[in-house]
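Read-outs: derived from the displayed coordinates by stated rules, not from any lab. Remember, predicted model here, so these are calculated numbers, not experimental data. For neighbour counting, all protein chains shown are included, and Cβ atoms are generated from backbone atoms with ideal geometry for every residue, glycine included.
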Amino acid sequence: MARLELEGLSKHFGPTVAVREVSLHVRDGEFVVLLGPSGCGKTTTLRMIAGFIAPTAGRVCLDGADVTARPPWKRNAGMVFQSYALFPHLTVAENVAFGLEMRKVARAEIAPRIAEALRLVRLDGLSERLPRQLSGGQQQRVALARALVIRPDVLLLDEPLSNLDAKLRETVRVEIRELQHDLGITTVMVTHDQEEALIMADRLVVMSEGSVRQVGSQRDLYERPADSFVAGFVGRSNLLPGTVIGPGRFRTEGGMSIVCVDGAPGPGVIALRPERLVLGAASAGLDNRVSGTVELVSYLGSSIDVHVRVSPADRVVVSQPNRADGALPSQGDTIDVGWPAAAAVVLTGERGGAGT
Amino acid sequence: MSSAAGLALGFILLPLVFVVWLAFFRQAIPSFPPQGYSFKWFLAIADSPRFVDGFWLSLKVAVAAMLIGLAIGVPAALCLARYRFGAREPLGNLLLLPLMVPGIVLGTSLYVFHVEATIATGLPILGSIAALMAGHVLIVIPWTVRLVSASLAGFDRSIEEAAQSLGAPPMTTFFRITLPAIRPGIVAAALFGFVVSFGNLEMSMFLVGPGRTTLPITILQYLEYRIDPTIAAVSVLQILLIGTAMVITDRFVKLSRIV
């Protein structure tokens, strides 16, 4: 177990920049998730930590020691691959033993450590099976046991849940989180699934196009997204492009005037979470209140999405909890939409783009 | 559908059935119906030095060609599967080429080459066992490359990375992980290489030296003067040898999954 530090890590493949100056400090025992769409550089970053890819620039440090030049077999990083990558010709026990044999662990010590690792992932009793005789979930646990048994400085998880079916994924992600927490092992996971990321992480790193967009807790990312990419990728946001015209004043491109909390003057984007918007009479007294036309109502079960056109150029989605007494607006209705100034996050110095 | 398959199977098996039947005929000139059955032709083989010598030479050449073919074919297949380089496709085709060149043409060219090489170097290349083996390696390589490539095609490279992340340097990874994982392809390649070499006639005819003939050539030479069931008996032994090799191989790997 150790601290992990990435300093200005970059990777160029010819003219393409896969990863651009990623710096990140992972504390001892922390669970950090690299989150982003495919091609954002998160897997390349993870593979640079493991040592499979040599960075073009920057350093990887484990517990203060620079390991950038060390090959994977000298790094003591336990990795769980998306495909699990179990050795097909070896039994479960032999798979788990492999790392210990490579470390020249004494014979007498190997057996109890295998047993302990398999018990940890609740696979005791299957040690003599071959990987192909196991279900996907069991294979995944063998991969985890194999990575943990070597007592790695850092555990690396490359989309470890993406090959499991949805039901299993929900239980396994909690199991992995609890196991990681109990063992206090420094962990970096890569995923494109924001729900998975939010559930498992201590801290999240949102990446896009090779760069880190924001590092922070779930609450940081959700409440104070650094840019419109984060606002649109983590949860949903209504993004309204426009200009900050004065302290706490924003004007959308559609001509709507919005009261907000902060924001430096100049072009920017307002991000509004759909569930922070209020419809109808309940919006009375809020800092912002505009009248619009209902264009679409989507019934989603636990909530209802109401799409409201609030200016010729601006449409917002309002997410309402589904209550027994709630009367649904219908298409074409004129309705008031309101929200407090604090709900409007101003993202300055960039174009609008991603979002709902 | 199944009747067509049955017909095809019969078409393949019928000559084999006749050869086996013929091997047990008592009379020296094969004619139907048989005048009785005997085991004597099999005993005659053991007493005939030319068949015994031919068998041992064929076995020796086939084993050597198979081993050398693997030593070249496995790295070549790995290289073709793993690396992207300009000459990749031409090289891949070049390695399969001996399969497409008729045996007679291959034999003639090698013969001319051996003559020239013998003259140029003064070494006894022409008609030597080494030259014969080299020729057989040539016809074994397409099979080893092809079959090992096929098993590499379904190989997940992340298992090698997993081994490395667990502390195995590249060579350890290769011998402990990669090689065992592609073992079915290698076993199949060994078998096919052996069979192709052991049964080769056309090319070998140009490469054997005086007093050194392989089994298929011995059979052909014998047939020029006699047509008694000795040949059938030899063929039965050959069928048994190759059949046994296939059955044993099938124990280790399902051949139908690879070929």
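Round to the nearest 10 and give me the degree value, 0 to 90, for the angle of helix B:2-23's Cα axis relative to the longest principal axis of chain B.
That helix lies at roughly 50 degrees to the long axis.
Could you give the Stokes-Einstein D for chain B in µm² per second, using the C-alpha Kirkwood radius, 20 °C, 1.002 mPa s?
Rounded to a whole number, D works out at 103 µm²/s.
Using the alpha-carbon atoms, what tilt in degrees (0 to 90, nearest 10) does helix A:166-183 show relative to the longest principal axis of chain A?
In chain A, helix A:166-183 runs at an angle near 60 degrees to the longest axis.
Treating only the Cβ atoms of Lys and Arg (+1) and Asp and Glu (-1) as charged, compute the dipole magnitude of chain A about its Cα centre; round to the nearest 20 debye.
With only Lys, Arg, Asp and Glu charged at Cβ, the dipole is about 760 debye.
When the C-alpha atoms of the stretch B:43-197 are aligned to their principal axes, what extent does each axis show, in angstrom, from largest down?
For the stretch B:43-197, the Cα extents along the three principal axes come out at 57, 44, 28 Å.
Counting only C-alpha contacts under 8 Å and six or more residues apart, can you give the relative contact order of chain B as a whole percent?
Normalised by residue count, the contact order of chain B is 33 percent.
From the backbone phi of the stretch B:111-121, what are the Karplus-calculated ³J(HN,Hα) couplings (6.51 cos²θ - 1.76 cosθ + 1.60, θ = phi - 60°) in whole Hz, Gly and Pro given as x?
4, 4, 4, 5, 4, 4, 5, 5, 5, 5, 9
Semi-axes of the equivalent ellipsoid of chain A: what are they in whole Å, largest first, if each equals the square root of 5 times a C-alpha gyration tensor eigenvalue?
46, 24, 15
Normalised by the empirical 2.2 N^0.38 Å for globular proteins, what value does the Cα Rg of the stretch A:265-316 take?
1.27
For A:VAL154, list long-range residues whose amide hydrogen, built 1.01 Å from N in the peptide plane, is under 5 Å from its own amide hydrogen.
A:GLY78
With springs only between Cα atoms under 10 Å, which of A:HIS307, A:HIS181, A:HIS89 fluctuates most in a Gaussian network model of chain A?
Looking only at A:HIS307, A:HIS181, A:HIS89, the biggest GNM fluctuation is shown by A:HIS89.
Relative to the compact globular guide of 2.2 N^0.38 Å, what is the alpha carbon radius of gyration of the stretch B:179-253, as a ratio?
Normalised by 2.2 N^0.38 Å, the Cα Rg of the stretch B:179-253 equals 1.37.
Let me understand the stretch A:180-304 better: what is its radius of gyration from the alpha carbons, and its Dmax, in angstrom?
Looking at the stretch A:180-304, its Cα Rg and Dmax stand at 17.7, 55 Å.
In square nanometres and to one decimal, what's the mean projected area of the convex hull around the Cα atoms of the stretch A:268-353?
6.0 nm²
Based on the alpha-carbon set only, what is the convex hull volume of the stretch A:95-202 divided per residue, in Å³?
It is 104 Å³ per residue.
Taking only Cα atoms of the stretch A:1-157, what ratio of Rg to Rh do you get with Rh as the Kirkwood inverse-distance radius?
We get a ratio of 1.01 for the stretch A:1-157.
How much length is gained if the chain between B:GLU89 and B:ILE29 is pulled fully straight, taking 0.36 nm per residue apart and subtracting their Cα-Cα distance, in nm to one decimal?
Extending this stretch completely gives an extra 16.3 nm.
Just to confirm the filter: which chymotrypsin sites (Phe, Trp or Tyr not before Pro) across the stretch B:1-97 are DSSP coil and have at most 10 other Cβ within 10 angstrom of their Cβ?
Here the chymotrypsin sites (Phe, Trp or Tyr not before Pro) that fit, given the DSSP loop and packing criteria, are B:TYR83, B:PHE85.
Just going by the charge dipole of the protein assembly as shown, with Lys and Arg at +1 and Asp and Glu at -1 on Cβ, which of A:ALA117, B:LEU223, A:PHE98 is farthest out on the positive end?
B:LEU223
With +1 assigned to the C-beta of every Lys and Arg and -1 to the C-beta of every Asp and Glu, and no other charges, what is the dipole magnitude of the protein assembly as shown about the Cα centre in debye, to the nearest 20?
In debye, rounded to 20, the protein assembly as shown gives about 1320.
Using 5 Å bins from zero, what percent of all Cα-Cα pairs in the stretch B:128-258 falls into each bin?
Taking every Cα pair in the stretch B:128-258, the percentages come to 2, 9, 15, 15, 15, 14, 11, 8, 5, 4, 2, 1, 1, 0.
If only Cα atoms are counted, what is the Rg of the stretch B:113-189, and what is its Dmax, in Å?
Just the Cα atoms of the stretch B:113-189 yield Rg and Dmax of 19.2, 56 Å.
Add +1 for every Lys or Arg and -1 for every Asp or Glu among the other residues with Cβ under 13 Å from the Cβ of A:ARG47, and state the total.
+1
Divide by every residue of chain A the summed helix terms, -39500 (n - 2.57) for each DSSP H run of at least 4, and state the resulting mean residue ellipticity at 222 nm, rounded to the nearest 500 deg cm²/dmol.
Mean residue ellipticity at 222 nm (helix-derived): -7000 deg cm²/dmol.
Per-residue HN-Hα couplings for the stretch A:187-202, Karplus 6.51 cos²θ - 1.76 cosθ + 1.60 at θ = phi - 60°, whole Hz, x for Gly and Pro?
9, 10, 10, 10, 7, 10, 9, 5, 5, 4, 4, 5, 6, 8, 7, 7
What Kirkwood radius, in Å to one decimal, follows from the Cα pairs of the protein assembly as shown?
30.6 Å is the Kirkwood radius here.
Return one number: the angle in degrees, 0 to 90 and rounded to the nearest 10, between the long axis of the Cα atoms of helix B:88-100 and the longest principal axis of the Cα atoms of chain B.
0 degrees
Please state the charge dipole magnitude for the stretch A:1-74, taken about the Cα centre, from unit charges on C-beta atoms (+1 on K and R, -1 on D and E), reported in debye and rounded to the nearest 20.
240 debye
Can you give me the long-range amide H partners of A:ARG249? Hydrogens built in the peptide plane at 1.01 Å from N, cutoff under 5 Å, separation of 5 or more residues or another chain.
Result for A:ARG249 returns A:CYS260.
Applying the Karplus parametrisation 6.51 cos²θ - 1.76 cosθ + 1.60 with θ = phi - 60° to the phi angles of the stretch A:91-107, what ³J(HN,Hα) value in whole Hz is obtained for each residue in order, glycine and proline being reported as x?
6, 4, 5, 5, 4, 5, 6, 3, x, 6, 5, 5, 8, 6, 5, 4, 3
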